[in-house]
Amino acid sequence: MNNLLVEISNIGIVPVVVLDNPGQALPLSKALYAGGIGCAEVTFRTAAAEESIKILSKQIPEMLLGAGTVLTVEQVNRAIAAGAKFIVSPGFNPKIVKYCVDKGITIIPGCATPSDIEAALELGLDVVKFFPAEAAGGINMIKAMSAPYTKIKFMPTGGIDIKNLNTYLSFNKVVACGGSWMVNKELLKNGSYETVTKLSKEAVSAMLGFEVQHVGINMPDASAADKTASVFETLFGFIKQERSGSFFAGLGVEVMKKQFLGKNGHIAVRTNNAARAVYYLKKACAAFSEETASYDEAGNMRSVYLKEEIGNFAVHLLQKNN
């Protein structure tokens, strides 16, 4: 994937926006940004799209803007001239896709069949839109098509909301999901931008799925660790299990056999996607000790420690097993 597609993957959610009035563009984008989503696909279904993209590209240059429902080469040119950074189309139009590829424009065309995917691969694409996602077979269809086409990844759009968002994102061939539930027409019509922010925050929270996995307690030696774990087992019935560097009492308490990271110990926080969580936490000004990062055989991040302790505890992210 190119850098722009990697950025979209890090963001994870691409709001699909239909604007009837360019005056809606700025407050809507500010609301999305306040909710933690720094990306939007402004569809060319309305006359307000081009002007809206112009406004946003000048007023909020840090917003990653795409143009959606692009159906002609002429619309591609207008969208890019207005400031769009990527193009999204509902279907696979070879003329439009080739034009964008030749011009070095990132395009995510709609593909719902194996034939569409083969056409996309022929033109050198590695990410396509799966549309309409739910109506076209949902995550099961994506998984089925991923089996023979191992190099292609998907951005499903259509029928996706907070309830099924992670059903898609949990599959490693899905880079991001397009959706409109946090920017639906009624919200924009009523100027309910606070609700847009609220729904965006809820979407990001659901996507990252932070949960405390366990708390680690530092002890000076193995004997002290054994005794401490035994207390948890005796009092609470948390079964003690010995590991190479620690004892676990149940699943939630780890007792270290020697002084480890953190003055008092460490806290493991599980997340649905460790790399994406790092992206969002860095935006919140968190720093990470990159040398502590671990990865699986496919190169996906599994864990990493924050640089600063919280309450005298080191904190590390831990990838959930999907």
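No lab work stands behind these numbers, since they all come straight from the coordinates. Every value quoted in this text rests on a predicted model; they were computed, and no experiment measured them. Cβ coordinates were reconstructed from backbone atoms using ideal geometry, including for glycine residues, and neighbour counts include every protein chain displayed.
The modelled label-to-label distance for the pair Asp221/Asn2, using points 7 Å beyond Cα in the direction of Cβ, is 6.1 nm. Rounded to whole numbers, the Karplus 3J(HN,Hα) couplings from phi for segment 60-71 are 10, x, 6, 6, 7, 9, x, 10, x, 6, 8, 10 Hz, using 6.51 cos²θ - 1.76 cosθ + 1.60 with θ = phi - 60°, and x at Gly and Pro.
Only lysines eight or more places from Lys227 in sequence, or on another chain, were considered; those with a Cα closer than 28 Å are Lys240, Lys257, Lys258, Lys263. If both residues of a DSSP beta bridge must be in segment 235-322, then about 70% of such bridges are antiparallel.
Quick check: the angle from helix 73-82's long axis to the longest principal axis of the chain, C-alpha only, nearest 10 degrees? That works out to roughly 60 degrees. Between 0 and 90 degrees, the angle of helix 222-236 with respect to the longest Cα principal axis of the chain falls at about 80 degrees. Looking at the chain, the DSSP beta bridges with both ends there are about 40 percent antiparallel. Our note on the geometry: Cα centres of segment 92-130 and segment 1-80, 20 Å apart.
Kindly state, to the nearest 0.05, the FRET efficiency for Asn172 paired with Ala206, given R0 = 25 Å and r defined as their beta-carbon distance. Present the calculation step by step, with values, prior to reporting the outcome.
On the way: r = 18 Å, r/R0 = 0.73.
Efficiency, rounded to the nearest 0.05: 0.85.
Using only Cα atoms, tell me the angle between helix 94-103 and the longest principal axis of the chain; keep it within 0 to 90° and round to the nearest 10. Helix 94-103 sits at roughly 70 degrees to that axis. Near Ala133, the amide H atoms lying under 5 Å from its own belong to Thr157, Gly158; only residues 5 or more places off or on other chains count, and H is placed 1.01 Å from N. For Gly265, the amide hydrogen comes within under 5 Å of the amide hydrogens of Asn218, Ala314, counting only partners 5 or more places away or on other chains and with H modelled in the peptide plane.
For the chain, the 222 nm mean residue ellipticity estimated from helices alone, with every DSSP H stretch of n ≥ 4 adding -39500 (n - 2.57) and the total spread over all residues, rounds to -11000 deg cm²/dmol. Coupling constants for segment 205-220 follow from the phi torsions by the Karplus curve (6.51 cos²θ - 1.76 cosθ + 1.60, θ = phi - 60°), and in residue order they are 4, 5, 5, 6, x, 5, 8, 6, 8, 7, 10, x, 10, 7, 10, x Hz; glycine and proline get x. Restricting the calculation to Cα atoms, the chain shows an Rg/Rh of 1.06 when the hydrodynamic-style radius is the Kirkwood one. Across segment 275-281, computed HN-Hα scalar couplings (Karplus, 6.51 cos²θ - 1.76 cosθ + 1.60, θ = phi - 60°) run 5, 5, 4, 4, 4, 5, 5 Hz from first to last residue, x flagging Gly and Pro. Taking Cα centre as origin and charging only the Cβ of basic (Lys, Arg, +1) and acidic (Asp, Glu, -1) residues, the dipole magnitude of the chain rounds to 220 debye. Taking the alpha-carbon centroid of each part, what is the distance from segment 253-284 to segment 147-186 in angstrom? Cα centres, segment 253-284 to segment 147-186: 27 Å. Close amide H pairs (under 5 Å, H built 1.01 Å from N) link Val14 with Cys177, Gly178, Gly179, residues at least 5 positions away or on another chain.
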